[in-house]
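Okay, structure first, notes after.
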Amino acid sequence: MSVRIFIFVLSALAVAAAGGRATAEVSLITVYETPVGQEDAVIESWETARDFLSREPGYLSATLYRSMRPESRFTLIYVSRWESRAAFQAAAQRLGAARIVSEIPGLTTTRDLYSVIADDGSAPAGDGQ
């Protein structure tokens, strides 16, 4: 099992202004460079991890996007939302320890946690701590 594979299930959007009050919500955004012929395997692996994570404390939502252009460098993009950075980190550790997600040869992922600094009409929010 690869640590990078289990992390791909997560995504990033953080500290948002909700009704005038800041929250510590975070998201992990993950982009995938999927090997030719492996997209179905990546999606199946993502579903396995998503099913596990959706039962974890602090989980809010998950969305997987597919490029509309098959030749796109990043064929899949995953965004998951969490109540806090700590909730995400704890869930990621438990997922890694569970060893339920298979490694996919040639899969490259790039990911990071993000916090919202502005949205369509709200003032900048907190720092996602």
Legend entry - Simple label model, 7 Å out from Cα along Cβ direction - ARG73 to ASP51, nm: 3.4
Legend entry - Label point distance in nm, GLU44-ASP112, each placed 7 Å from Cα along Cα→Cβ: 3.3
Legend entry - ASP120 paired with GLU103, simple spin-label distance in nm, labels 7 Å along Cα-to-beta-carbon: 4.3
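Every number here is computed from the coordinates shown, using simple stated rules; none is lab data. If you're wondering where the values come from, they're calculated on a predicted model, not measured in any experiment. Here Cβ is always computed from backbone atoms with ideal geometry, including for glycine, and neighbour counts include all displayed protein chains.
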